[in-house]
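The values are calculated or read from the model by the stated rules, or taken from the named source; none is laboratory data. Everything numeric here is computed off the predicted structure, so don't read it as measured data. Don't worry about glycine lacking a Cβ; one is built from the backbone with ideal geometry, like all the others, and counts go over all protein chains shown.
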């Protein structure tokens, strides 16, 4: 079955990180459903082959996987991210991608005016979080444990569960 989200990024880019614990795959279902060992996605909800679309799908439906994001974001053309952010500068998942791109790859060579509400990077209902540190450029609160770069480096080096 066709991989989507983090599973697509992991397989398509040949990332040398831990695979997703619950890979998302197209299945004959009517809605996105967490199964025993995977996330079943209806064909109509699956992104095609755009890295940006798979990244947004992953953030929206699978949460934050820093290891895969750190491996995949360098493959995302800056122009694609810029165009998407210009079209929707207040989109929560696009802002998270912009923030993560700058934290894990490099500062983006353009400015975007963000006026949307501040959102946490990690959903406190899903993750154990720490004190928030606000990034005013993206209006994102980093609320992870430790620092973002330390967490991504650790995630790249350790595949134990």
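Consider the stretch 16-25 and keep the residues that are touching a residue at least 24 places away in the same chain (Cβ under 8 Å) and in a loop (DSSP other than H, G, I, E, B). The one that is farthest from residue 71 (Cα to Cα) is 22. Mind checking whether some residue in the stretch 50-62 is within 12 Å of the chain's Cα centre (by Cα), part of a helix (DSSP H, G or I) and without any contact (Cβ under 8 Å) to a residue 24 or more places away in the chain? So far as the stretch 50-62 goes, yes, one or more of its residues are within 12 Å of the chain's Cα centre (by Cα), part of a helix (DSSP H, G or I) and without any contact (Cβ under 8 Å) to a residue 24 or more places away in the chain. Considering the stretch 26-48, and only residues there that are closer than 26 Å to residue 77 by Cβ and without any contact (Cβ under 8 Å) to a residue 40 or more places away in the chain, the residue that is farthest from the chain's Cα centre (by Cα) turns out to be 26. Taken over the stretch 54-69, the criterion of being closer than 12 Å to residue 94 by Cα and surrounded by fewer than 21 Cβ atoms within 10 Å (Cβ to Cβ) is satisfied by 56, 60.
For every residue, the table says whether it meets (1) surrounded by 19 or more Cβ atoms within 10 Å (Cβ to Cβ); (2) modelled with pLDDT of 95 or more.
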position: 7; (1), (2): yes, yes
position: 31; (1), (2): no, yes
position: 49; (1), (2): no, no
position: 79; (1), (2): no, yes
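In the stretch 3-15 there is at least one residue matching the filter, namely being free of Cβ contacts under 8 Å to residues at least 60 places away in the same chain, over 22 Å from residue 99 (Cβ atoms) and assigned to a loop (DSSP other than H, G, I, E, B). Is it the case that the stretch 85-96 has a residue that's surrounded by fewer than 15 Cβ atoms within 10 Å (Cβ to Cβ), over 13 Å from the mean Cα position of the chain (by Cα), at pLDDT 95 or above and part of a helix (DSSP H, G or I)? Yes, that holds for at least one residue.
Summed over the stretch 33-47, residues that are surrounded by 14 or more Cβ atoms within 10 Å (Cβ to Cβ) and outside any helix (DSSP H, G or I) total 7.
Selection within the stretch 117-146: residues that are assigned to a strand (DSSP E or B) and either touching a residue at least 12 places away in the same chain (Cβ under 8 Å) or at positive phi (or both). The member of this set that is surrounded by the most Cβ atoms within 10 Å (Cβ to Cβ) is 140.
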